[in-house]
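Only one structure is covered here, and it is reproduced in the block below.
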Amino acid sequence: MQFNTCMTDLRKPAMAAGVDSSAFDRYAMTVIPDMTVLPLLDRQPEFTTAIWDYLAGLVDQKRVDDGRAMMAKYASTLSQVQSRFAVDPATVTAVWGVESDFGRINGRRPLLVSLGTLSCFGRRQAYFRSEFFELLKIAQRGDVAVEDLKGSWAGAFGQTQFMPSTYNRMAVDFDGDGHRDLVRSAPDALASTANYLLKSGWREGQPWGYEVKLPAGFNSAQAGRKNRKALSQWQAQGIHRVDGESIPLEPDTPAAVLLPAGVNGPAFLVFRNFDAIYSYNAAESYALAIALLSDRLRGGSGLHTPWPTDDPGLSRADRVDLQRLLLKRGHAIGTPDGVLGTASRAAIQQEQQRLGMTVDGRAGQKLLKALRDGR
Ligand code: CA
């Protein structure tokens, strides 16, 4: 009842936002709310993930192999995308790989239901309403088949994981079928990603940044993405690339030093294109994952400086292997899928306890090795 009243009240603002009356009847008035999205809105992360664990899952060998295969498969599309939007194939493919595992994981929640529910219940209704209206416009235009409108509980969807408002601003029909379909069309998704980066300030031909070596005694208070100085000022302090190559940019190019794990971990000098990637999903760890994956897709061999840990993180294949070993030890954690949820974490804690390790639920190489060794 409350929901029906709410939807009826949304008709007028929806029409003011550009939704037509018949689309509103068809797609909004038929929504049955799903209250299971509401706890997700207030959920706090159970674990703070270390940067090396985060990157171990996102930039693993399989994603590099898959990304290179996708770059070969879509070589001609990616080259046309670069001609039109100025963003190189490795960067576009890296975003695609991190956002949706190259179009394989787009989310499963019906978007009309999630965004309709969040428009009428819970915090941030004004925000979700505007996204709901944008989603209705996507349905109304027929860009995406309504049954394909599935995504995360919060509304990001498709191969680019755009929110509906971003979709309406940035999506491009690149395969020329008349629809901007970022669910089914890889060319549309790749072009739209490049369009997003270009509109976020991407500079053609410039690097995102480099792993660098800091001089002894570097004052780490200077680090931070927003603390930009001229490249030449950093170089004057003795910062240089770990591979010893020169940096092909003008001396006055704005640059920032990133130390995602402090002075004892890998250090990075980043430029404007790092910020363009960052704008896609405002988290430095996320932007770094894409940047490092793009380097691997260009043939790079990975980081020079190890992360400051004696217990490195697990790739997705390692995570599946760990789950198989947990199952073998009698933990009912369901089918191994490489996603370490509540059941897997609880099982990990029990095994850590048994093995006399720190009981923190974290999956690292040490635990994996202990279980592989049958300890
Ligand atoms: Ca299309």
query: When the helices in the chain are scored as -39500 (n - 2.57) per DSSP H run of 4 or longer and the sum is shared across all residues, what 222 nm value do you end up with, to the nearest 500 deg cm²/dmol?
result: -14000 deg cm²/dmol
- line: For GLY151, other-chain or 5+-apart residues with amide H closer than 5 Å (H placed, Pro excluded) are ARG108, ARG109, LEU111
query: List the aspartates and glutamates whose alpha-carbon lies under 20 Å from that of LYS137, not counting same-chain residues fewer than 8 positions away?
result: ASP9, ASP20, ASP25, GLU147, ASP148, ASP173, ASP177, ASP181, ASP188
task: In whole Hz, with x marking every Gly and Pro, tabulate ³J(HN,Hα) for the range 25-34 from phi via Karplus 6.51 cos²θ - 1.76 cosθ + 1.60, θ = phi - 60°.
output: 4, 6, 9, 9, 6, 9, 6, 9, x, 10
- prompt: Hey, with R₀ at 45 Å, roughly what FRET efficiency would THR305 and ARG372 work out to, going by the Cβ-Cβ distance, to 0.05?
  reply: 0.95
Burial ranking of peptide ranges 330-342, 173-185 (average Cβ count within 10 Å, highest at the top): 173-185, 330-342
field: lysines whose Cα lies under 21 Å from that of LYS229, excluding same-chain neighbours fewer than 8 positions away
entry: LYS213
task: Mind checking the full-extension length gain between ILE105 and ALA282? Use 0.36 nm per residue of separation minus the Cα-Cα distance, one decimal, nm.
output: 61.7 nm
field: Distance (nanometres) between label positions extended 7 Å along Cα→Cβ at GLN2 and THR49
entry: 3.4
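Take peptides 54-61, 7-14 and line them up by average Cβ neighbours within 10 Å, highest first, as a rough protection proxy.
Working: 54-61: 20.1, 7-14: 15.9.
In decreasing order of mean packing, 54-61, 7-14 become 54-61, 7-14.
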- request: May I ask you to order 22-31, 203-212 by the average number of other C-beta atoms within 10 Å around their residues, highest value first?
  value: 203-212, 22-31
task: Please name which of GLY67, PRO45, MET29 has its Cα lying farthest along the dipole of the range 25-166 towards the positive end, using unit charges on Cβ (Lys, Arg +1; Asp, Glu -1) and the Cα centre as origin.
output: MET29
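With every protein chain kept in place and ligands, DNA and RNA left out, what is the accessible area per residue of the range 26-101? Probe 1.4 Å, answer in Å².
Details: 3760 Å² over 76 residues.
So the range 26-101 comes to 49 Å² accessible per residue, rounded to a whole number.
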- request: Run the accessible area of the chain with a 1.4 Å probe and give the carbon-and-sulfur part as a rounded percent.
  value: 50
- line: Ranked by GNM mean-square fluctuation in the chain (Cα springs under 10 Å), the top entry among GLN159, GLN140, GLN237 is GLN237
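The values are calculated or read from the model by the stated rules, or taken from the named source; none is laboratory data. Note that the structure is predicted; figures quoted are calculated from it, not measured. With ideal geometry, Cβ positions are generated from the backbone for all residues, glycine too; neighbour counts draw on all protein chains shown. Side chains are part of the model used for accessible areas, which takes the heavy atoms of the whole protein and leaves out ligands, DNA and RNA. Shrake-Rupley method; radii C 1.70, N 1.55, O 1.52, S 1.80 Å.
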